[in-house]
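The values are calculated or read from the model by the stated rules, or taken from the named source; none is laboratory data. Predicted model only: the values in this text are computed from it and were never measured. For neighbour counting, all protein chains shown are included, and Cβ atoms are generated from backbone atoms with ideal geometry for every residue, glycine included. Calculation scope for accessible area: heavy atoms of the full protein, side chains included, ligands and nucleic acids excluded. Shrake-Rupley method; radii C 1.70, N 1.55, O 1.52, S 1.80 Å.
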Amino acid sequence: MNAPTIKNDAANNAADADTWPNQTDAERAGTSAEALGKLKTSAAETATHLKAAAASVSTDAKDYAGSIASDAAGAFKEAVETNKTAGADAIANIAHSVKEAADGIEKQSPQVAGMVRSAAEGVERISTDIRDRNVGELLDSVTKFAQRQPAAFFGVGILAGVVLTRMMRSSDRS
């Protein structure tokens with residue numbers, strides 16, 4: 001039942017009020033019960049409409065939130081991929097610099113130069129591996145390494161922290 005119907009019922013009931021004094025108690029009770037029944041039906045219909053509207057709003061809000069979350073996840077993934085590529089490039093540059101250092105010490109100490117060059121090639125492989133894998137695969141590899149070699153993982157973490165700290169301090173001085 002909608003609002004105009006309720007209004008009409010109220011008007012009809014008001015018109016019936018003129019006959020109220022002439023009705024018996026039983027007739028009045030019947031009229032009241034009928035009006036109460038109509039009111040209950042109207043309230044139930046209104047509640048049903050409100051429930052449907054609330055469900056619709058809730059669904060729309062969930063869809064909107066899902067869309068925003070999806071967009072944010074996409075932007076985050078894109079940013080991580082960009083930074084991953086930049087990190088792989090930085091690692092490749094380090095490997096190149098280490099190879100140049102190995103070339104510089106070749107005449108003085110060929111054995112040390114060979115070890116340094118071998119380490120630089122390992123760093124290049126890491127750079128290529130980082131560049132060729134997606135972020136999920138990289139995290140999976142790091143997790144597996146940490147489980148197999150926790151001491152090495154901890155040591156690499158400390159070494160990375162020291163290197164990053166020195167890089168930050170040197171960039172602050174520049």
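Taken as a whole, the condition of being closer than 22 Å to V163 by Cβ and of a type in the set (S, T, Y) does not apply to S67.
Name every residue in segment 67-94 that is among the hydroxyl-bearing types (S, T, Y) and open to solvent by less than 80 Å² (accessible area, probe 1.4 Å), in order of residue number. Passing the criteria: S67, S70, T85. Against the definition (assigned to a helix (DSSP H, G or I), of a type in the set (D, E, K, R), touching a helix residue (DSSP H, G or I) at 6+ places or on another chain (Cβ under 7 Å) and over 30 Å from G74 (Cβ atoms)), how does R131 come out, yes or no? No.
Being assigned to a helix (DSSP H, G or I), open to solvent by less than 60 Å² (accessible area, probe 1.4 Å) and of a type in the set (S, T, N, Q) is a property that does not hold for S118.
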